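Q: Got a structure here, written out as structure tokens. Questions coming.
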Amino acid sequence: MDKRAFLKNMGLMGLAVPLSFSHLAETVAAVSELKPHDLATDEAFWLKVRADYDIKPDYINLENGYYCFMPRQTLEHQIEHMRNVNYEGSYYMRTVRVENKKKVANKVAEIVGCTAEEVAITRNATESLDLIIGGLPWEAGDEAVMAEQDYGAMLEHFRYVERRFGVVNRFVSVPNHPANDEEIVDLYAAAITDKTRLLMVCHMVNITGQILPIRKIVDMAHSRGVEVMVDGAHAFSHIDFKMADLGCDYYGTSLHKWLSAPLGSGMLYVKKNKIDGIWPLLAERDLEPNDMRRLNHTGTHPVHVDLGILNAIEYQNTLGLARKEARLRFLQHYWTSRVRDVPRVLVNTPADTSRHAGIGNVGIEGIEPSDLAKTLMDKHAIFTVAINRPGVRGLRITPNVYTTTDELDVFVDAIKKLSA
């Protein structure tokens, strides 16, 4: 069977029967005795999960990190929410909209063990984190610490406050293969001065998938009187953690990534006693002290997206975050372990399993990342994204729970051929 026929057949598997949450629950119940680590390698189980997704058969999609599209159950609920809101119109907006958004905040907060009073539902991680960067009461000479490998949108906003308020931005460069946690912590510590006000750090570096020792960085920064903002765009609903584990002051994420919520949904966490210290982007009426709503005033917005988040959480809870995380970790190790020792192949993600989850980054010596991505798509029908950033030149590879080992075999074979 040629590659395109293989892709078409794999994609059509998800179009046969519309499945419900109850069907997924039955599928999970049948393997409930298996530990997540053992279930991670059970291809028969994950093919049943794959059947929940309508998969375009033209290519193998290994770029789920931008947007992990919704399983069919969540999508159908989202369409129904659009119909219902459109049907009820202003009546919905003036009666149950606010109550429903509180329900969403509660459910999102449950995932990371914080209170709904510390959570705002936003559109994405960029909006969440830029609300903090732009909302801090900066003074000329204040300093901020960040990494060259941080997400571009946030770096741009720091450059903006640098021009506007006279903030001094200090950069570190995160090594792809650190010797230990202390190397990372010391790197950030060395950049802090008595003028440092905020430190931004990735929970999971978006371009390599490296998981950073957040609690150790937070404890170090707090001991120096510095607040910490965590970019959790790729960690939320990817790895299991609680806010109490991190201890950070601010945390932002996109729910349309690893939660597979509707496109245009995100979350901002602000520690309760920090809320009043942030200037809102859009003015809200006077509220009680430390009311999170003051940071989340956006006027009329697409409320059906909020409702779809609830269905995405229901899907994840039915599947189980521990099972999902174990599968994503397995898939990453499955392909990276097969190319790490191949001549000319550079894996920019740590081999230590405690330092990565489902995201990996790979390059080939002598081939520009953009050329490598184009060749994989044109010659092998594999869709990826090229990364060309300080210290990281390669392709970011982000499988999802529907990805099969057969698809990763096609990818590994292509990398080996192109490196030869």
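The numbers here are math on the coordinates, done by the rules we state, and not lab data. Just so you know, these numbers come straight off a predicted model, no measurement behind them. Cβ: placed from backbone, ideal geometry, glycine included. Neighbour counts: every protein chain shown.
Q: Using the charge dipole of the range 76-314 (Lys, Arg: +1 at Cβ; Asp, Glu: -1 at Cβ; taken about the Cα centre), state which of TYR251, ASN106, HIS301 has its Cα farthest towards the positive end.
A: Ranked along the dipole, the leading option is HIS301.
Q: Just to be sure I follow the definition: excluding the sites themselves, where is the longest run in the chain that has none of the trypsin sites (Lys or Arg not before Pro) in a DSSP loop with at most 15 other Cβ atoms within 10 Å?
A: Longest run free of exposed loop sites: 1-194.
Q: Let me ask something additional. At 0.36 nm per residue, and after removing the present C-alpha to C-alpha distance, how many nm does the segment from ALA30 to LYS102 gain when stretched out fully?
A: 22.5 nm
Q: Still on this structure, please answer the following. Run the helix sum for the chain: -39,500 (n - 2.57) per DSSP H stretch of 4+ residues, divided by residue count, reported at 222 nm to the nearest 500 deg cm²/dmol.
A: Result for the chain, helices only: -13000 deg cm²/dmol.
Q: Evaluate E = 1/(1 + (r/R0)^6) for MET93 and LYS272, where r is the Cβ-Cβ distance and R0 equals 30 Å; express this FRET efficiency to the nearest 0.05.
A: 0.60
Q: Hey, another quick one. Expressed in nm to one decimal, what extension gain is obtained for the pair ILE367 and ALA179 from 0.36 nm per residue of sequence separation less their Cα-Cα distance?
A: 64.9 nm
Q: Still on this structure: For the range 145-223, which GluC sites (Glu not before Pro) are both in a DSSP coil and crowded by at most 12 other Cβ atoms within 10 Å?
A: none
Q: Excluding TYR151 itself, what net charge comes from residues whose Cβ is under 14 Å from its Cβ, given Lys and Arg +1 and Asp and Glu -1?
A: -2
Q: In the range 51-96, if every C-alpha pair distance is counted and binned at 10 Å from zero, what percent goes to each bin?
A: All Cα pairs considered, the percentages come to 22, 35, 24, 16, 3.
Q: For the range 199-353, what does the convex hull of the Cα positions come to per residue, in cubic angstrom?
A: 147
Q: Only bridges whose two residues both fall in the range 76-314 count here: according to DSSP, what percent of them are antiparallel, nearest 5?
A: Antiparallel bridges make up about 40 percent of those DSSP assigns within the range 76-314.
Q: Only bridges whose two residues both fall in the chain count here: according to DSSP, what percent of them are antiparallel, nearest 5?
A: Taking every DSSP beta bridge with both residues in the chain, the antiparallel ones total about 50 percent.
Q: So, with +1 on the Cβ of K and R and -1 on the Cβ of D and E, and no other charges, what is the size of the charge dipole of the chain about its Cα centre, to the nearest 20 debye?
A: Here the size comes out at about 560 debye.
Q: Another question, then. Lys and Arg at +1, Asp and Glu at -1: add these up for the other residues within a Cβ distance under 10 Å of THR403 and post the number.
A: Overall, the nearby charge balance is 0.
Q: Taking only complete DSSP H runs, can you tell me which helices of the chain stretch 20 Å or more along their own long axis by Cα positions and average at least -0.5 on the Kyte-Doolittle scale?
A: Span-like helices, by this rule, are 303-319, 405-419.
Q: Give me log10 I(q)/I(0) at q = 0.18, 0.25 Å⁻¹ for the range 327-415, Debye formula, one equal scatterer per alpha-carbon, no solvent.
A: -0.74, -1.48
Q: Oh, and also: Between HIS23 and ASN84, what is 0.36 nm times their sequence separation minus the Cα-Cα distance? Round to one decimal in nm.
A: Full extension from HIS23 to ASN84 adds 19.5 nm.
Q: Along each of the three principal axes of the Cα atoms of the range 24-131, give the extent in whole Å, ordering the values from largest to smallest.
A: Extents along the principal axes: 47, 33, 32 Å.
Q: If you take the C-alpha gyration tensor of the range 159-267, multiply each eigenvalue by 5 and take the square root, what semi-axes do you get, largest first, in whole Å?
A: 24, 18, 13
Q: Over the Cα atoms of the range 76-314, how large are the radius of gyration and the largest Cα-Cα distance (Dmax), in Å?
A: Cα-based Rg and Dmax for the range 76-314 come out at 18.2, 58 Å.
Q: Scale the Cα Rg of the range 291-371 by the rule-of-thumb value 2.2 N^0.38 Å and send over the ratio, two decimals.
A: Dividing the Cα radius of gyration by 2.2 N^0.38 Å gives 1.68.
Q: What's the local net charge at ARG72, with K and R +1, D and E -1, over the other residues with C-beta under 9 Å away?
A: -3
Q: Over the Cα atoms of the chain, what Rg and Dmax result, in angstrom?
A: Computed over the Cα atoms of the chain, radius of gyration and Dmax are 21.8, 65 Å.
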